[in-house]
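This report refers to the structure that appears directly beneath it.
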Amino acid sequence: MGALRVTADSSTCVTSSLCVYRLAQVFDQDEQGRVVVLDENPPEGLRRELLRAARGCPTGSIRVEEAGEGVGEGVDE
Amino acid sequence: MDSSCPVSYPFPWAPAPDIPEHWRTMRENPLLHVTLPSGDPAVLVTRYKDVRQLFADERLSRNTSRYPASRISANNDLFGDPEIDNDPPRYLEERSVVMRAFSARRIEALRPVVKQITQELMDAMEAGPKPAELMEAYAYPLPILVICHMLGVPPEDRAKFRSLIDGYLSVTRLPDDEVERCRVQYWDYLSELIAAKRAEPGDDLISELIRVSQEEPGKLTPYQLQHWVKTLLIAGYVTTASQIGTSMAVLLHRPEVAEDLKANLELVPSAVEELLRFQIMGTSLGSLRYALEDIELLDGTVIPKGATVMLSVESNMDDDVFEEPLTLDIRRQDNHHMTFGAGIHFCAGAALARMELQEATDGLLRRFPNLRLAVAGEELERPVGGFLAGYARIPVKW
Ligand code: SF4
C-alpha cells in the first residue's frame with residue numbers, strides 16, 4: 001500500500017466541522033471557517049477514520065487517495 | 001404502501017418515544033406520493049442513497065417560496081422569503097459570511113458558556129418541585145440563552161425576546177392574528193437590535209456580521225443580514241429544544257441504554273449522534289425543494305419536472321446503509337445520518353446544536369444519575385399541529 005494523500009476543496013466546504021471533530025490532527029479551518037488540510041500525508045493508522053471523514057463530509061469536499069488512485073471520496077458507494 | 005395513492009404527510013408518530021411505523025416500511029417504494037398539511041401534493045424520496053445524492057443536486061431548487069411550489073401549510077411559511085435567493089451562487093456568498101461564526105474553534109469557545117448555563121438551569125431544577133418538567137426547566141431555556149449570548153441580546157430583553165419567538169413559532173398555539181403581531185414585533189425588535197449594534201458594536205455575532213458586511217460590501221445587504229439573523233434564531237431554538245427533550249425521552253424510555261451511557265460518559269458524543277439519527281421530533285418538511293428538471297433516481301424512477309420534493313429524514317432508518325437501524329446503538333460508528341441534511345444547505349447550526357446536545361446530556365446524567373421519566377413513555381404528549389413536534393411536556397424525577 002502506498003502513502004495516503006488527503007486533499008480538501010475549501011470552495012465547496014460548508015463548515016459542518018465534521019472532519020475537524022473527527023480528525024483534528026489532519027483537518028482544521030481558516031478564519032472563514034473553511035477546511036484546511038494540516039497533514040496531507042497522514043499515517044496509515046488513520047486510514048479508517050480518514051475514509052469516514054471523507055464519506056461523512058456533507059458536500060463531498062474531502063478526497064483520500066493512494067499512490068495516485070482515489071480510495072475514497074465524499075460519496076457513499 | 002401503494003406509491004400511486006397519496007398518503008398524508010407527516011406520518012403519524014409512534015405512541016411511545018420510538019420510531020413510527022411508516023418510517024420502517026416506506027422504502028419499498030423509492031418515491032412516495034404524499035399530501036402536505038396544506039393539501040398540496042409532493043413526492044417523498046425514501047431511500048438513503050437517493051436522498052444523499054439529491055441533497056447535492058442543483059436541479060432541485062430551494063426557492064420554494066418563489067416557484068409555483070407546494071406550500072407546507074396554508075398560512076405558515078416560517079423560513080420562506082421571496083426576496084431571498086436560496087440557490088447558488090448568491091446563497092453561497094451569503095452563507096460563507098455567516099459560517100465563520102460556526103467554525104469548530106468558535107463553537108468550542110462557546111462550550112464553557114453552555115456548560116455554565118446548564119449548571120444554572122439544573123440548580124433551579126434541583127431547588128424546584130419534583131417531578132420537574134424538562135422542557136420548561138431545561139430544554140427550552142438552554143438554546144434560547146445560548147442564542148441570546150451569541151447575538152448579544154441584553155439580559156433585560158431576554159424574556160420579551162423569548163415570548164416574541166415563541167409567539168412567532170406559535171409554540172404556545174396562539175390565534176393567527178396574535179402570531180402575525182408577534183412576527184411584526186419580532187422583526188422590529190431585530191431591526192432595533194441591529195441598529196443598536198451598528199451604533200455600538202460589541203463582541204457578538206450581529207456586530208461581527210455588520211463588520212464583515214461593511215468590509216466586503218455587496219456580500220450581505222442589511223436586509224439579508226436581518227434575514228439570516230432571523231433564520232438562525234428560529235432554526236436554532238425550537239429544533240434544539242425539541243431534540244434535547246425527545247432525545248432524553250428516547251434514552252430514558254430505554255433504561256438499559258441510559259444505564260450504559262451513565263457508566264460510560266465518554267460515549268456522550270456518539271450517543272448524541274445516534275440520538276440525532278434516532279430523532280423523533282422532526283419531519284422531512286424542512287427539506288422541501290422544487291424540481292427544475294426531470295430527475296432519475298438510482299432504480300430508474302423519475303421525479304417529474306415541477307414536482308415539489310422532500311428528501312426523507314426517515315431514511316435514517318434505511319437498513320441498506322445502517323446496520324439494525326431500529327436499534328439505538330450509542331456506540332454506532334459510521335453514523336452519517338440525514339438529520340442535518342447534506343450538500344450546500346447542510347444545517348448551518350449543526351455543530352452548535354451538537355455541542356449543546358452533548359453538554360445538555362452530559363450535564364443531566366452527571367447531576368441526576370437517577371433521572372427517569374415520571375410518566376410512562378406512551379403518556380408523553382405531542383403538541384397539535386406545528387412545524388416541529390417534540391413533546392409538549394416531559395415530566396422527570398430522580
Ligand atoms: S466535513 Fe466537509 S463541509 Fe464539513 S468542514 Fe470538513 S470539508 Fe467542510
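The values are calculated or read from the model by the stated rules, or taken from the named source; none is laboratory data. For clarity, every value in this text was computed on a predicted model and none was experimentally measured. FYI the Cβ positions are ideal-geometry reconstructions off the backbone, even for glycines, and counts take in every protein chain you see.
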Go through the range B:81-112 residue by residue and tally those that are modelled with pLDDT of 75 or more, surrounded by 14 or more Cβ atoms within 10 Å (Cβ to Cβ) and away from chain A (no Cβ under 14 Å).
1
Of all residues in the range B:113-141 being without any contact (Cβ under 8 Å) to a residue 12 or more places away in the chain and of a type in the set (D, E, K, R), the one that is farthest from the other protein chains (Cβ to nearest Cβ)
B:Asp123
Considering only the range B:150-200, state which residues are acidic (Asp, Glu) and in a helix (DSSP H, G or I).
B:Glu156, B:Asp157, B:Asp166, B:Asp176, B:Asp177, B:Glu178, B:Glu180, B:Asp188, B:Glu192
Scanning for something within 14 Å of another protein chain (Cβ to nearest Cβ), within 30 Å of B:Glu120 (Cβ to Cβ) and touching a residue at least 40 places away in the same chain (Cβ under 8 Å), does the range B:335-344 turn up at least one residue?
yes
If we scan the range A:23-45, do we find a residue that is within 12 Å of the ligand (Cβ to nearest atom), part of a helix (DSSP H, G or I) and either within 13 Å of chain B (Cβ to nearest Cβ) or crowded, with 24+ Cβ neighbours inside 10 Å (or both)?
no
Check whether at least one residue in the range B:204-213 is crowded, with 17+ Cβ neighbours inside 10 Å, among the acidic types (Asp, Glu) and outside any helix (DSSP H, G or I), and report yes or no.
yes
Would you mind telling me which numbered condition in (1) within 12 Å of chain B (Cβ to nearest Cβ); (2) surrounded by fewer than 20 Cβ atoms within 10 Å (Cβ to Cβ); (3) at pLDDT 95 or above; (4) under 24 Å from B:Val51 (Cβ atoms) A:Cys57 fails?
(2)
Qualifying residue in the range B:317-340 (condition: out of contact with any His (no Cβ under 6 Å at 6 or more places or on another chain) and part of a helix (DSSP H, G or I))
yes
Inspect all residues belonging to the range A:3-10 and state whether any of them is under 29 Å from B:Val98 (Cβ atoms), over 10 Å from the mean Cα position of the chain (by Cα) and either within 11 Å of the ligand (Cβ to nearest atom) or without any contact (Cβ under 8 Å) to a residue 24 or more places away in the chain (or both).
yes
Breaking point among (1) within 14 Å of chain A (Cβ to nearest Cβ); (2) touching a His at 6+ places or on another chain (Cβ under 8 Å), for B:Glu314
(1)
Of the residues in the range A:47-62, those that are more than 9 Å from the ligand (Cβ to nearest atom) and either among the β-branched types (Val, Ile, Thr) or within 11 Å of the chain's Cα centre (by Cα) (or both) come to A:Arg47, A:Glu49, A:Leu50, A:Leu51, A:Arg52, A:Arg55
